[in-house]
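So the structure is just underneath, and the comments pick up after that.
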Amino acid sequence: MRRKILPKKYKTKLSFSTALNKLQQFLDRVEYWNANYSKYYRVSDVVLLGSLARSEPKVGDLDLCVNIERVQAFSPSEKKEEYSEWRSSTLGYAHPSNYGDELYMFQTDVIRFIKAGDGRFDVLQWHELPSLSLTLDPLTKLVSKGELQYSNAREAVANATCLSGEEINSTIEKGALSRKDYEISVYCNALSKYPEHVRDAILERDKCHDEYYAHIGNHA
């Protein structure tokens with residue numbers, strides 16, 4: 001059962017300009033990986049949301065939903081030795097300590113590279129995007145189908161927009177934040193972050209009005 005819905009928040013804040021610089025470096029790394037290192041996996045899609053997408057003067061972290069896509073069919077167990085040598089000489093990464101990490105390094109190295117060890121990047125799973133987008137805060141598509149949509153971070157943030165009414169309805173109809181996927185406390189906490197009309201539409205879809213208001217009443 002999934003638990004994580006909303007991005008974490010740092011206690012200390014970055015200035016808007018510092019956050020923009022970090023985002024620019026992130027975009028540059030994504031572009032470099034896809035152009036030079038994407039033999040097995042590439043960065044397919046990235047959406048920026050959170051405080052930077054809202055152009056707030058102080059930014060806690062950079063919230064990014066990232067979709068990693070396999071480029072070709074291959075057997076990780078057959079390619080791991082060759083790939084491990086490449087990543088060691090090219091990326092400077094040590095050999096994985098266990099067999100499981102060996103098999104997943106093809107994917108995890110992509111995230112590791114684009115984050116570059118910076119804990120301010122909160123990389124969220126792609127399946128979380130529909131639920132996160134229903135807060136109706138601004139967001140912007142940075143990468144689509146492996147291609148940068150903006151090469152300039154400032155321009156990307158300036159073009160952040162909210163979901164349209166049609167997009168809201170479509171996202172809800174496709175099952176965003178479905179009751180069956182979450183514990184009641186997580187479900188209700190997420191719903192409490194949404195505008196009333198979005199919350200009501202989800203409750204109507206899930207037939208959970210009574211359960212929601214009973215939970216809220218018990219935890220008031």
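Can you say whether A190 is out of contact with any Asp or Glu (no Cβ under 6 Å at 6 or more places or on another chain) and in the same structural domain as S44 (by TED's automatic domain parsing), as far as the supplied structure shows? Talk me through it step by step, then tell me what you get.
Values: out of contact with any Asp or Glu (no Cβ under 6 Å at 6 or more places or on another chain): yes; in the same structural domain as S44 (by TED's automatic domain parsing): no.
So A190 fails the test.
For residues that are of a type in the set (V, I, T) and at pLDDT 95 or above, scanning just the range 187-220, find the one that is nearest to P138 (Cα to Cα). Give the derivation first.
Step one: list which residues in the range 187-220 are of a type in the set (V, I, T), which gives 198, 202, 216.
Next cut, at pLDDT 95 or above only: 198, 202.
Values: V198: 15, I202: 20 Å.
Per the stated criteria, the residue is V198.
Here is a list: Y93, Y99. Which entry is modelled with pLDDT of 95 or more and closer than 29 Å to E78 by Cβ?
Y93
Any residue at all in the range 48-65 that's more than 20 Å from the chain's Cα centre (by Cα), in a loop (DSSP other than H, G, I, E, B), within 24 Å of T161 (Cβ to Cβ) and at pLDDT 95 or above?
Scanning the range 48-65, I find at least one residue that is more than 20 Å from the chain's Cα centre (by Cα), in a loop (DSSP other than H, G, I, E, B), within 24 Å of T161 (Cβ to Cβ) and at pLDDT 95 or above, so the answer is yes.
Name, by its number, the condition in (1) free of Cβ contacts under 8 Å to residues at least 40 places away in the same chain; (2) outside the structural domain of N21 (by TED's automatic domain parsing) that does not hold for T108.
(2)
Can you find, within the range 175-200, the residue that is nearest to I216 (Cα to Cα) among those that are of a type in the set (K, R) and touching a helix residue (DSSP H, G or I) at 6+ places or on another chain (Cβ under 7 Å)?
Out of the qualifying residues, it is R199.
Give the number of residues within the range 116-161 that are without any contact (Cβ under 8 Å) to a residue 60 or more places away in the chain, surrounded by 13 or more Cβ atoms within 10 Å (Cβ to Cβ) and not polar (S, T, N, Q).
2
May I ask you to list the residues in the range 71-80 that are farther than 13 Å from S38 by Cβ and either hydroxyl-bearing (S, T, Y) or loosely packed, with under 11 Cβ neighbours inside 10 Å (or both)?
Once the filter is applied, which keeps residues that are farther than 13 Å from S38 by Cβ and either hydroxyl-bearing (S, T, Y) or loosely packed, with under 11 Cβ neighbours inside 10 Å (or both), the range 71-80 yields A73, S75, S77, E78.
Please state which of the following conditions Y37 fails to meet, knowing it meets all the rest: (1) more than 23 Å from S84 (Cβ to Cβ); (2) touching a residue at least 12 places away in the same chain (Cβ under 8 Å).
The single condition Y37 does not satisfy is (1).
Taking the range 16-34 on its own, how many of its residues are under 24 Å from S84 (Cα atoms), surrounded by fewer than 20 Cβ atoms within 10 Å (Cβ to Cβ) and touching a helix residue (DSSP H, G or I) at 6+ places or on another chain (Cβ under 6 Å)?
Qualifying residue count for the region: 2.
The values are calculated or read from the model by the stated rules, or taken from the named source; none is laboratory data. A quick note: this is a predicted structure, and the numbers were derived from the prediction, not measured. Counting neighbours? That spans all protein chains shown, and the Cβs are built from the backbone with ideal geometry, glycine included.
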